[in-house]
Amino acid sequence: MYISYSGPLSRGWDRMKKALFQPFDITKWINVGFTAFLAGLTDFNGGSSGNNSRYNYADWNDFFDFPQTAWNWLGNHPLWANLILLGCILLFIFITVLIWLSSRGKFMLLYNVVNDKDDVIKPWHDYKKQGNALFWWRFVFGWAAAFVFVLFFIYCFLTAKSMYYGEISGGTKVWMIAGMIFTFLLLIITTGYISLFLNDFVVPIMYKHTLGINKGWFRFVGLFMKNPGSFVVYGLFIFVLGIAVAIGVLTVALVTCCIGLLLIAIPFIGSVVLLPVSYTFRAFSVEFLAQFGNDFSLFPETELPEESRNDG
C-alpha cells in the first residue's frame, strides 16, 4: 500500500481554506477557535562564574545538599510547608480540570473539522462519553508518565552526586552518562509518540465508530502493526512541520516587533490567530488515516474535487 504524506497535507490545507476563508466568517473563526483552544489546553513541556575553584566547589555542594536543606527548612517553617502543600493540591486540581476540558475539546474540534461546522454545544454533548473516556486515560497516563520522569530525574541527581564526590570511577562515568542520555531520549520519544497517536488517530477512530478508549487503541494498534513504518515516519513528518511552523511564528514575531508573539501568547486569542495551523494539522491527520480504508475514513468523499483528492 502506497502511503502519501504530501497528499493528505495538501487536502487538509484545502479544507482549512474552504472552511475558514471561503467565505471568511469571524463568528465561525471564534467558535472553531474556541474548540481549538479547549483541545490544545494541555498540548504544551545567572550568578558569577569567576575562576575561584573553591567558590564553584561550594556552589556544587549547595546544589547537592539542596534537598536536605529544603526538607529542614520546611520542617522549621510549618506554615510555609502547609501553604506549599495546599498550592500543590490546587495545582493538581487545576491540571486535572484542564485535561478534562481538553479531552472534550478534542472531539469538538474534530467534529467541526470533519463536518465544516462551527458548533460548540452539540459536540460538547454528543461526544460526552468519548470525551470523558479520553480524559480518564490521559489522566492516568499523564500522571504515570510524570511519575516516571520524576523517578528518572531523582536517579540522575543521585548518580551525578555520586560522580561529583568520586564514588564512581572515570570509565564508568562515561557509560552512565551515555545511558542517562539514551534513557531520557527514549522516554521523550516514547511519550511523544503515544500522545501523538492518541490525538491524531485513536481519537478519530473513537469518533468514527463511537468506541471507548481501550477499543479505540485496540483498533489503532492492529493498524499500526500492519504499517509501523508509515506511522513512525508520520511522527517525524509532524516534527518537521512543527519546526517549520515555529520558524514561521518566530518570523512573524520579528516582523511585527513581537506584537504578533504577544497576541499568540494570550491563550484564547492565540488559538484564534493560529486556527489555520491547528485546523490544517487536524484535517491532515484525518486525511492521512483515511488512506487505510473506509473503516478509518471520516470525511465525506464528495467534499473535495477529484483532482485535489488525487494529489500526492
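The values are calculated or read from the model by the stated rules, or taken from the named source; none is laboratory data. Worth saying up front: this structure is predicted, and the values here are computed from it rather than measured. Here Cβ is always computed from backbone atoms with ideal geometry, including for glycine, and neighbour counts include all displayed protein chains. Ligands, DNA and RNA are stripped out before the accessible areas are found, and what is left, the full protein with its side chains, is counted by its heavy atoms. Shrake-Rupley method; radii C 1.70, N 1.55, O 1.52, S 1.80 Å.
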Hey, ILE121 touching a Lys or Arg at 6+ places or on another chain (Cβ under 8 Å), at pLDDT below 95 and among the hydrophobic types (A, V, I, L, M, F, W, C) or not: no
If I filter region 9-28 down to residues being part of a loop (DSSP other than H, G, I, E, B) and of a type in the set (Phe, Trp, Tyr), which single residue comes out as farthest from PHE299 (Cα to Cα)? PHE24
Please enumerate the residues belonging to region 29-64 that are at pLDDT below 75, part of a helix (DSSP H, G or I) and open to solvent by 70 Å² or more (accessible area, probe 1.4 Å). SER53, ARG54, TYR55, TYR57, TRP60, ASP62, PHE63
Identify, by number, the condition in (1) more than 30 Å from LYS28 (Cβ to Cβ); (2) hydroxyl-bearing (Ser, Thr, Tyr); (3) open to solvent by less than 30 Å² (accessible area, probe 1.4 Å) that THR69 doesn't meet. (3)
What is the residue count in region 120-164 for residues that are open to solvent by 90 Å² or more (accessible area, probe 1.4 Å) and farther than 21 Å from GLY192 by Cα? 7
Neighbours by Cβ (under 7 Å, 6+ apart or cross-chain): first from region 193-212, closer than 18 Å to ASN115 by Cβ; second open to solvent by 50 Å² or more (accessible area, probe 1.4 Å) and of a type outside the set (Phe, Trp, Tyr): ILE205/ARG219
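Which ones in region 123-175 are of a type in the set (Ser, Thr, Tyr) and assigned to a helix (DSSP H, G or I)?
Of everything in region 123-175, those that are of a type in the set (Ser, Thr, Tyr) and assigned to a helix (DSSP H, G or I) turn out to be TYR155, THR159, SER162, TYR164, THR172.
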Within region 284-307, how many residues turn out to be at pLDDT below 80 and surrounded by fewer than 16 Cβ atoms within 10 Å (Cβ to Cβ)? 7
Total residues in region 243-283, condition in a helix (DSSP H, G or I) and modelled with pLDDT of 75 or more: 28
Is at least one residue of region 74-97 in a helix (DSSP H, G or I), under 24 Å from the mean Cα position of the chain (by Cα) and among the polar types (S, T, N, Q)? yes
